[in-house]
Amino acid sequence: MHRLARTGGTAELLRWLAGRAEGWAGIVGPDGTVLHAAARTAGAMVPDVAGLVAESASALAERGVQAYSVDTGEHTALLFPLSGFPQGGFSLSGFPQSVSPQGVSPQSAFPQGVGEPAAPVLAVVTPRPVAAGLATLLADVVLPLSLCLQAETLERKRRRVDLAESRGREAVLHLLMTGQLSIAQQVAGALRPRLPDPVRVCVVECSGDDRDEVARVCVDADGGRSWIVRCPVYARHLILVMPAEDAGEKDPEPGAAPADEAVAARVGDCVVGVSEPVPLADTATGYRQAFHALAVARELPTRHARFGVSPDPALVVGPAGRRWADELLNPLLTHVPRRAQDPGSQELLATATSWLAFSSHATDHLKVHRNTLAARLRLIGELLGLDLHRLADQSALDLALRVRATPAPACTPEVPSSAPPFPYASGTSQAAGGLDAILCRPAVRDWADQQLAPVLGAEETLRTWLRCEGRLGPTAAGLGISVPGARKRLTRLETVLQRSLLRPPSARYDLWLALRSRDLAAARQ
C-alpha cells in the first residue's frame, strides 16, 4: 500500500484494491458523484451497482457514520469515509460480522463515531460472499489513500495558483505591450518583483518542454530581479523584462556575467535574444528588438545575440509624420460601438497591434476565437479605409501605431522641404496616401539606407518576397526556385539583416517602408 501510495497515488491504490476485491473500487463524493474509480475487468461496475454506491454514499453522509455496507443479491458495497476518523484509526467491532459470509441485513449502518458529512467516501463493490479479511484490509488502506487524495488535491490547488500567477504576469505583459503603463504597474504591484525602468527585453527560446526549468535558471541567474513571463504565443519562449543594468549596463556584482549571457551558457540547448535598453513604456519595441536578435542568435555558436543599434522609424518621421498618424488613426480612436458588447476603440487598437505583431497567432495573445479576430480586423479596415490583406496598408498601419506610441519630443524635428508629394504606391488605399510624403523626409531616407545597407546590390529576393505580400509560395514562383530554396534564402537574409523575417514579429513592415523610401528618392532624381 505504501509503495503504491508513493509511486502511483490514488489511481494505483484503487486499481490494486479493485483487484483484491475482485470487483470495483472508487472514491465517491458526498453527493454520490464518482470522483475516481477502477475496476478489475472492463464492465465489472454495472450501472445498477453504480447507483447503489451513490445511494449508499449519500446515506453515509446523512447519518454521519464511519462504516456502511449494503448487500444486493450478487454484490456487497463497503463504504468508508476518507477523513474525520479518530486519531490512530477507528474500531471495526461488529463490522466484520456484518459483512461476513454468514449473512447481513440488506442495509445496515454501523456508527463508529461521527465523520465529516462532506468527506469523500471509499467505496468497494465485491461479489458475495465477501472474502475473509477484506474489511480489515479496507480499513488499513483508508489512511494512505486519504493522504494520497489530500496530496493530489493540494497539487491541483498549487497548479491553479501557478496558473493564476502566470496569467496575471501575462496580463501585465499585455498591458505593457499595448502601452497601458499605469494599469500594468497597478496590477504588477500584487506580484513580485516590481517592474524595472528602464528595461531590456530578453526572449529565451527553449527546447522541448523544459520551459519551467529554464525559468528557474533565469531566476537564479539574476537573483529574481527580472519579470519572467511564459509567452502566450510561442510555447517554447520565455520573455524576460529585466533591469537594463543587469543586461550589461553595469553588473550587479563585479565580474558577474549578465543574466542573459548566463542563461545561454547554463542551458546548453536554448537560444537568447536581447533588446537595447528601452523605457518601460516601450516594452513592445524592446520585444520586437529581442525577437529580431533571437533570429540572429539561432545562427551563432554562442546561441546569444543582442539587437544592433538601429533607430525605430517612428523616431524619424517628425511632426508631419505624427500629424499623418493621428489623421489616419482618428476614425479608430473616436469609434463608439453601437452595442455594449461590441469592441471599443481601445480594444480595436490592441487587436490591431497584436495582429500586426503576431499575425494569426494573435488569437493566442488576445485569447479570442479566430472568427472574433477576423471580425475585428474587418471593422478596423472599414474604419480606416485600409485593405489589411495588402502589405503596404499593413506597413502604414504599423508605422502609425508605433508613431502614436512614441513620445512626441522623441521625434526628429521637422525639416522644411519644397519637394512636391509623391503619389502613393499604386493599388493601395488612399487613406494612407500621405505616407509617401513622410517617407521622402531626409531623416527617413537616412534610416532606410541604414536598414538596407547589408543587402545593397542583392535585393532581388527581398523585393520579390515583399511584392508577394510576404508569402513563401508566390515568392518561390517569382524567383523560379522551390519553396525550401526560397526559405533558405530568406533565412540567410535574416542573418545578414539581423532581423526576423519568417516568424512574427517580422521586419517586413520596416523593410517595405525602407524600400519604398529608397524608390521614392530614386524617382525624384
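A few points about this structure:
- Qualifying residues in the range 133-174 (those that are of a type in the set (A, V, I, L, M, F, W, C) and open to solvent by 70 Å² or more (accessible area, probe 1.4 Å)) - the one nearest to residue 403 (Cα to Cα): 163
- Screening the range 354-457 for helices (runs of 4 or more DSSP H) wholly inside it with 2 or more residues that are over 22 Å from residue 292 (Cα atoms) and at pLDDT below 90 returns no ranges.
- Inside the range 22-40, residues that are at pLDDT 75 or above and surrounded by fewer than 16 Cβ atoms within 10 Å (Cβ to Cβ) make up a count of 3.
- Failed criterion for residue 193 (all others in (1) under 18 Å from residue 170 (Cα atoms); (2) modelled with pLDDT of 85 or more hold): (2)
- Some residue of the range 361-373 being among the small types (Gly, Ala, Ser) and surrounded by fewer than 14 Cβ atoms within 10 Å (Cβ to Cβ): no
- For beta carbons closer than 9 Å, sequence separation of 6+ or different chains, a first residue in the range 134-156 that is assigned to a helix (DSSP H, G or I) and a second that is among the acidic types (Asp, Glu), the qualifying pairs are 148/12.
- Residues located in the range 342-395, provided they are acidic (Asp, Glu) and closer than 22 Å to residue 175 by Cα: 342, 347, 364
- Residue 273, sole failed condition from (1) assigned to a helix (DSSP H, G or I); (2) surrounded by 18 or more Cβ atoms within 10 Å (Cβ to Cβ): (1)
- Residue 163 in a helix (DSSP H, G or I) and touching a helix residue (DSSP H, G or I) at 6+ places or on another chain (Cβ under 7 Å): no
- Given (1) open to solvent by less than 40 Å² (accessible area, probe 1.4 Å); (2) β-branched (Val, Ile, Thr); (3) without any contact (Cβ under 8 Å) to a residue 40 or more places away in the chain, index of the condition residue 380 fails: (3)
- When the range 277-315 is filtered for residues that are among the charged types (D, E, K, R) and over 19 Å from residue 398 (Cβ atoms), the ones remaining, listed by number, are 298, 299, 303, 306.
- Candidates 344, 286: the one that is small (Gly, Ala, Ser) and in contact with a strand residue (DSSP E or B) (Cβ under 6 Å, 6 or more places away or on another chain) is 286.
- Residues of the range 175-232 that turn out to be surrounded by 19 or more Cβ atoms within 10 Å (Cβ to Cβ), in contact with a Phe, Trp or Tyr (Cβ under 7 Å, 6 or more places away or on another chain) and assigned to a loop (DSSP other than H, G, I, E, B), as a count: 1
- Within the range 1-42, being under 35 Å from the mean Cα position of the chain (by Cα), more than 16 Å from residue 148 (Cβ to Cβ) and among the hydroxyl-bearing types (Ser, Thr, Tyr) holds for one residue alone: 33.
- Filter result (open to solvent by 50 Å² or more (accessible area, probe 1.4 Å) and outside any helix (DSSP H, G or I)) within the range 312-349: 334, 336, 338, 339, 340, 341
This table checks each residue for (1) at pLDDT 80 or above; (2) out of contact with any helix residue (DSSP H, G or I) (no Cβ under 9 Å at 6 or more places or on another chain); (3) closer than 24 Å to residue 24 by Cα.
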| position | (1), (2), (3) |
| --- | --- |
| 83 | no, no, yes |
| 92 | no, no, yes |
| 98 | no, no, yes |
| 128 | yes, yes, yes |
| 134 | yes, no, yes |
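- Where residue 260 falls short, out of the listed (1) outside any helix (DSSP H, G or I); (2) among the acidic types (Asp, Glu); (3) modelled with pLDDT under 85; (4) crowded, with 20+ Cβ neighbours inside 10 Å: (1)
- Boolean, residue 516 is part of a loop (DSSP other than H, G, I, E, B), out of contact with any Asp or Glu (no Cβ under 6 Å at 6 or more places or on another chain), in contact (Cβ under 8 Å) with a residue 24 or more places away in the chain and charged (D, E, K, R): no
- Condition check for residue 298: open to solvent by 20 Å² or more (accessible area, probe 1.4 Å), at pLDDT 90 or above, out of contact with any helix residue (DSSP H, G or I) (no Cβ under 7 Å at 6 or more places or on another chain) and of a type in the set (Lys, Arg): no
- Subset of the range 463-517 [open to solvent by 70 Å² or more (accessible area, probe 1.4 Å) and either acidic (Asp, Glu) or within 20 Å of residue 440 (Cα to Cα) (or both)]: 463
The values are calculated or read from the model by the stated rules, or taken from the named source; none is laboratory data. These numbers were taken from a predicted model, which means no experiment stands behind them. As a convention, Cβ positions derive from the backbone with ideal geometry for all residues, glycine included, and neighbour counts pool all protein chains shown. With ligands, DNA and RNA removed, areas are computed over all heavy atoms of the protein, side chains included. Shrake-Rupley method; radii C 1.70, N 1.55, O 1.52, S 1.80 Å.
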